[in-house]
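No value in this document is a laboratory result; all are computed from the given coordinates. Quantities reported herein were computed from a predicted structural model and do not represent experimental measurements. Using ideal geometry, Cβ is built from the backbone for each residue, glycine included, and neighbour counts are taken over all protein chains shown.
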Amino acid sequence: MGLLSDPNRRKALTNLLTRLNAPICMVCYLAAIVWFMGLAFEPFTLRTYMSENAMGSTMVEERFSSGERALSLAKEFDAHKTKAGGMPVEWLVKAMQARGLEVFTQSFSRKLPFPDENKERYMVRGTNVYGILRAPRAPRTEALVITAPCSPGNSNNQAVGLLLALAQYFRNQIFWAKDIIFLVNEHDLIGMQAWLEGYHHTNITGMEYSPLQGRAGSIQAALSLELSSDVITSLDLILEGLNGQLPNLDLANLFYAFCQKLGVLCTIQGKLQRNDWDTAEGYTHAAQTMMLMVLKQACGRSWGDHGLFLRYHIEAASIRGINGFRHYKMDVATIGRLLEGMVRKLNNLLERLHQSYFFYLLPSLSRFVSIGYYMPAFGLLAVILLLRVSFPGLMLHVCFSVSLQPSGPGVLTVLTPVVISHLTGVALYLLPVHLQEMAVEHFPVSETEAVVLTAVAIYTAGLALPHNTQRLLSGEGTEQGWKVLKLTALLYLAVLLGCTALINFSLGFVLAVTLVPITASMTPHMPKALSALAMVLLSPAFTILYCVFIYQELIEAPVSVSEGWMLFLSVISQGILDHALYGSLVYPLLALFVYPCWLMFWNILFWS
Amino acid sequence: GLVFLSSEFGVDQFQEELVIRPLHSGDIYASFQFRTLWDTDFLQERQKVSHYRLFPKSLGQVLSKFSVRELHISFTQGFWRTMQWGQPFIPSPPGAELWVWFHDTVSDVDGNWKELTNVLSGIFCASLNFIDLTNTVQPSASFKPLGLGNATDHRFLRYATLPREIVCTENLTPWKKLLPCGSKAGLSVLLKSEKLFHSSFHSQAVHIRPVCQDEQCTSKAWELRQTLNVVFDLYTSGQGKKEWSLFKMFSRTLTEACPLATSSKVYVDITDNPELSPATPLLSQAVVLGDRRTYSVFDLTRAETFGQLRSLNLLLRWKGDSGGMLRPLLHAERYVAGFGLQTGEIHTVIYNNHPYRAFPVLLMDSVPWYLQLYIHTLTVTSKSRDNKPSYIHYQPAKDRHRPHLLEMLIQLPPHSMTEVTVQFERALLKWTEYTPDPNHGFYVGSSVVSALVPSMVAMNTNFTQDQPLFSSFVPVKEESSYFVRVYTEPLLVNLPTPDFSMPYNVICLTCTVVAVGYGSFYNLLTRTFQVDEPSLPLAKRLANLIRRIRGVPLLA
């Protein structure tokens, strides 16, 4: 450690860093991007492998064969659903009871903060039906969950049919060591959230629900089924959960292992696996798959019913049937066998899934990038912020100014913009939802539009507010003032992004890629108009907009600018709804921390 | 010689009994009871009992060596589903349960208890040696002696459960060996492990207690009851048909009684009119668990029971909807609420389904020390109103020494749900204290709800010898109520668990942090700083030297 304690050598190092600050930062940024893109290159990734012994070496034989019955049950379910105009509760209860399950229902209701225009719901009222298969000679301490959301229209009937057929088949088997809960939840995620809150007797989102009557101990793992067609050609695995949480990688490995065993075509992010990694197309394909995962994870919403389980430390994944690759047709019995195999292996678990990775990215189902490999990409970006702290004169200057004149005007000039930025953030967080009624009264818009447009308006107004106020309050800004502010802002951003990346790498990385270059180079002496434009274009809101476009491009459904704008607005409303309904943290993070932090840099630009 | 012996050492007799009850859910419940009565006293000082006939010697010696007054041990695999099956004849919690009353002459109860558990562990081939002071409690009110004598000083009582204990064939074999006929003859030929463990519920128990020799109760006899309860599943064993036979259940039929038994009977519950063949003219009525039931009785000591084929294979068939749940008068369940690895809340829910009678229940909770209960958060609510327990006995845990014990007497309002909640914090264990599968979680034994439940029919209070065994286990003191014990499910709680596979990474990380982070930081904190004068170039220094001599201001 002579490097740090020897004053001469330390000085040499500091000099080097100070002199070559800008080039080093540039190199770091490029290296980060290159590193990140390299993660999708197959030779740099690891092959997935099953870590959990209890699931790896034990053999199970799949015998499920009632695919036809599953389809006829699906038809019956559809008929009763149409008749009841929603969840056919009575029929489901009877159907589950006839299969020897202990059946319970849970009713719930939820008033959304504002109408959800995507799903056309506002006052939500529904009933969950679940049946518990009691494992023989087990003391009700552990359980597995299989869920099938009951969606409006005629989607997902096949999942319910298969669920019932599986329940019937499973009930006749003696080998269960854990209770199995078969759940049909209404209103997809809202029903799921109500059920999970009821099961764990918590109330974190203000949902109203009736208490659960039957329980089966601590839930070890959960699978969510989404099948909407009689013909299924491939199965898609969905892992991204609330706040970017992911289930243990062994769950993905388990799915992949059974797909291989049964010869089922499987995809992730809807993308098939390719074997030609050494060609440009092969690499692009892997990179696209990984980018999709990053974008989905970054947005912090639950991409299926499974996502809400993760908060409760229950490993869960959604399996979605896709009807798209015409040449590979498989029957429902095969999907049943796949689920049977997975559930039986999960049944064999002695401990919760914990052996494999919880932090990973998947460029394909058979390859993964672990946290140790992707973190350097973020680390390189974070280093830029720290290097800029030692930007010529900044650190030294600030240290001296603070130590020499502790009560000088510097502290106050810095504190004012910081406080005002955060107040703007608080306004952005609180006002859209609370002012919707007023907005609807004064403008010809719907509630949802009111909320989103208020958010956009506050965001835009925030650009004008801080530097005016700062001038108003403390007169002329000093050279020292902006340096102190910049130091604070840089450290703030570094800590903020660092913490975010630890919890949700994708979100941290996406924010860092856009925020770091402009914030690192920001001074008041730059050409105002040009830098202002650059800053706006790299602000958090525009980041979301770019993500929308990139996402649409990646799922091969490109949109025009106006469609993109509409999507952008709906993404914002969904983000606010996700926060209110399920406790997603992305909206408060952006509104309360990232946006104010960005405003602080905006302040520096207009320092005078 | 035989007459002399039996008068010297007491008369012994053996009874065996099987009750078959078709269950509402379509499952079938078979309950075996084997009773050995011996008119002797192991605890007498002056004469040492050494001649054993029917009573197993291994148990007799244990009783006298450790001065045991009463001993109850059960091994259960599975959970009794009260909502589907109603009340069992003798309830037991999942795993192993052991409770013992020692004689009041014992001075070192804990020492005796420790040795006794180790000996029993050997006798029953079970991990009872894992019972130690950290999971033993002394309930003050919930476990009163069931036999003679009115011991009330709970210093002589020890109670422990092992919820994780797995019960299998290796426990069944030593249990069967205690029977006078072993598994050779009588009802015990049905006890084949391949069928008993292909069931929904399996429980075997041994109860030893002193009882009266006769109605006048002039002298004491020792009673050993071995019970075995099993429930066969409608779907996995019965192919979904409500049609059962002895052969379908046990893959055996009955051909004879145990020759050593004075009575050997099979009772079949025909209250709900199932089809039964062969039919028997012998009927018996009994009031069990607050309900009057009718039984067909098959006496195995009579040759005509076995008919022409010299074998008895009962056939039982019934109809009815099996989907719904029962509403037993008393029912309890328990779960852990909350998420995360720091805190949690234990919820115990007790249902009184009696339409108009309130009655008190005794709730006993024994919670391991690593769940640190916040007893100030204890709430008892019935019908969303605070329900103040009339008696609370709470003994806080001592870390690594003893568990929490909470006993409460709670009045349950009629037709109500009473919820008992208490919050806890999960302790961080020392790394050697984790069990081999730490991520599986840690078990908390069942809570015990004991109550005198108001009976719908008058209970039978007079004590007669020829009462069936299943209705005579718990002494009935009054006509208007009957004793019920309900066990809740055990809990599986995850504690914060370190990643044991990563000590190397942890060491590396810690060392790096200490070396780089702490080292440099410490260095910065302890060092004194001074402003360094920039050293001038040689030419300037020379010039300054000359300027100083000349008395002119120096160059900077």
What relative contact order, as a whole-number percentage, does chain B give when Cα pairs under 8 Å and 6 or more residues apart are counted?
-> 15
Each label point is 7 Å from the Cα along the Cα-to-Cβ direction; what then is the distance between the points at B:Met502 and B:Ala279, in nm?
-> 7.3
For the protein assembly as shown, whose charge dipole is built from +1 on Lys and Arg Cβ atoms and -1 on Asp and Glu Cβ atoms, the candidate among A:His200, A:Ile604, A:Ala177 with its Cα farthest towards the positive end is A:Ile604
Residue pairs, from the table B:Lys195/B:Lys248; A:Lys75/A:Lys271; A:Lys178/A:Lys345; B:Lys241/B:Lys319; A:Lys119/A:Lys329, whose Cα atoms sit over 21 Å apart = A:Lys75/A:Lys271; A:Lys119/A:Lys329
Proxy exposure order for B:Met456, B:Met364 (fewest C-beta within 10 Å first) is B:Met456, B:Met364
Extension reserve of the B:Val552-B:Thr271 stretch, reckoned as 0.36 nm per residue once the Cα distance is removed = 88.5 nm
For segment A:208-322, calculate the relative contact order in percent as a whole number, restricting contacts to Cα pairs under 8 Å that are 6 or more residues apart.
-> 49
Under 26 Å from the Cα of B:Lys57, which lysines turn up, not counting those fewer than eight places away in the same chain?
-> B:Lys48, B:Lys65, B:Lys114, B:Lys176, B:Lys177, B:Lys184, B:Lys192, B:Lys220, B:Lys265
Approximate spin-label separation B:Ser107-B:Lys477, in nm, with each point projected 7 Å along Cα-to-Cβ = 3.4
Segment A:71-352 - charge dipole about Cα centre, Lys and Arg +1 at Cβ, Asp and Glu -1, debye rounded to 20 = 560
How big is D, in µm² s⁻¹, for segment A:71-352 by Stokes-Einstein at 4 °C and 1.567 mPa s if Rh is the Kirkwood radius over C-alpha pairs?
-> 67
For peptide B:224-235, how many partner chain Cβ atoms fall within 10 Å of a residue's Cβ, on average?
-> 2
Using +1 at the Cβ of each Lys and Arg and -1 at the Cβ of each Asp and Glu in the protein assembly as shown, identify which of B:Ala458, A:Thr147, A:Val383 lies farthest towards the dipole's positive end.
-> A:Val383
Between A:Thr460 and A:Lys528, what is the spin-label point distance in nm, taking each point 7 Å from the Cα along the Cα→C-beta axis?
-> 2.1
For segment A:78-169, what is the convex hull volume of the alpha-carbon atoms per residue, in Å³?
-> 118
B:Ala358/B:Gln395 FRET efficiency (R0 35 Å; Cβ-Cβ; nearest 0.05) = 0.80
Could you point to the residue in A:Tyr209, A:Leu265, A:Leu292 farthest towards the positive end of segment A:71-352's charge dipole, with +1 and -1 charges on the Cβ of Lys/Arg and Asp/Glu respectively?
-> A:Tyr209
Cα-based radius of gyration of segment B:13-317 once divided by 2.2 N^0.38 Å, which approximates compact folds | 1.02
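If the only charges are +1 at each Lys and Arg Cβ and -1 at each Asp and Glu Cβ, what is the size of the charge dipole of segment B:485-547 around the Cα centre, to the nearest 20 debye?
Around 480 debye, computed over segment B:485-547.
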About the Cα centre of the protein assembly as shown, what is the dipole size in debye to 20, counting +1 per Lys and Arg Cβ and -1 per Asp and Glu Cβ, all else neutral?
-> 2020
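May I ask you to compute the full-extension gain from B:Arg317 to B:Lys184, defined as 0.36 nm times their residue separation minus their alpha-carbon distance, rounded to one decimal in nm?
Contour length minus Cα-Cα distance gives 45.0 nm.
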Crossing angle, helix B:503-512 versus chain B [Cα axis fit, 0-90 degrees, rounded to tens] = 20
What's the percent breakdown of Cα-Cα distances in the protein assembly as shown across 20 Å bins, shortest bin first?
-> 10, 33, 30, 17, 8, 2, 0, 0
Where does the longest stretch of chain A lie that holds no GluC sites (Glu not before Pro) found in a DSSP loop with 11 or fewer other Cβ atoms within 10 Å?
-> A:121-475
For chain A, what is the mean residue ellipticity at 222 nm derived from helices alone (per DSSP H run of n ≥ 4: -39500 (n - 2.57); sum divided by total residues; nearest 500 deg cm²/dmol)?
-> -18000 deg cm²/dmol
In chain A, what % of DSSP beta bridges are antiparallel (nearest 5)?
-> 55
Residues with amide H under 5 Å from that of A:Asn348, placed H, sequence gap 5 or more = none
Considering amide H positions built from the backbone, and no H for Pro or chain starts, which residues 5 or more places from A:Arg137, or on another chain, come under 5 Å of its amide H?
-> B:Phe79, B:Phe201
Potential extension, A:Ile371-A:Asn275 segment - 0.36 nm per residue separation minus Cα distance = 32.2 nm
With a Cα-only, solvent-free Debye model of segment B:330-493, what are the log10 I(q)/I(0) values at q = 0.11, 0.17, 0.20 Å⁻¹?
-> -0.54, -1.02, -1.26
Treat the count of other C-beta atoms within 10 Å as a stand-in for reagent exposure and order B:Arg252, A:Arg110 from fewest to most.
-> B:Arg252, A:Arg110
For segment B:313-319, Karplus-derived ³J(HN,Hα) couplings (6.51, -1.76, 1.60; θ = phi - 60°; whole Hz; x for glycine and proline) come out as 10, 5, 10, 9, 9, 8, 10
Per-residue mean of other chain beta-carbon atoms within 10 angstrom of the beta-carbon, peptide A:217-226?
-> 2
FRET efficiency, B:Lys57 to B:Glu215 (Cβ-Cβ, R0 35 Å, nearest 0.05) = 0.75
Rounded to whole Hz and in sequence order, give me ³J(HN,Hα) for segment B:524-537 from the Karplus expression 6.51 cos²θ - 1.76 cosθ + 1.60, θ = phi - 60°, writing x for Gly and Pro.
-> 5, 6, 8, 7, 9, 9, 9, 6, 8, 5, x, 7, 7, x
